[in-house]
Amino acid sequence: MPIGSRIMKITAFDSDEGKAGKIHYSIKSDKFTIDELTGNIRIREPLDFEEMQIYNITVVARDEGEPSLSSIASLIIEVEDVNENYFAPKFPDIVVTATVGITQSNILFAF
């Protein structure tokens, strides 16, 4: 999946009113990021099945109360192997003829 893709949304509930009921999310991860207000988790860095198949991420939900209260959840993300050859590049023809010519200050490409 491309960087920036949303993989899931975490939701926490707080029945308090006002600031004490407003929740902010956080995670510590190099590969994933979380929107502090919505809980949307997105890919931050490329994921490679051969490098790591399972990520165990800790998500913290913290309210704005005085004192601030928090809750922790463990999130397990499993990376699936994709056959890289499944999306092989396709070319319109086996042979493509091209010429390259150089003039005094211009480079010309003709296909």
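Read the figures in this text as sums done on the coordinates, not as results from a lab. A quick note: this is a predicted structure, and the numbers were derived from the prediction, not measured. Here the Cβ is made from the backbone with ideal geometry for all residues, glycine too, and neighbour counts use every protein chain on show.
Panel order for Y55, Y25, by other beta carbons found within 10 Å of each beta carbon, from fewest to most: Y55, Y25. Here r is the Cβ-Cβ distance between S26 and V82 and R0 is 22 Å; the resulting FRET efficiency, rounded to 0.05, is 0.15. Approximating the spin labels as points 7 Å out from Cα along Cα→Cβ, the D16-to-E50 distance works out to 4.9 nm.
Multiplying the residue separation of N40 and S70 by 0.36 nm and removing their Cα-Cα distance gives an extension gain of 9.0 nm.
For I7, the residues whose modelled amide H falls within less than 5 Å of its own, excluding neighbours fewer than 5 places apart on the same chain, are I41, R42, I43.
Assigning unit charges at the beta carbon (Lys, Arg +1; Asp, Glu -1) and nothing else, what dipole magnitude in debye, to the nearest 20, does region 6-80 show about its Cα centre?
Values: 9 positive and 15 negative charges, 29 e Å.
Dipole of region 6-80, to the nearest 20 debye: 140 debye.
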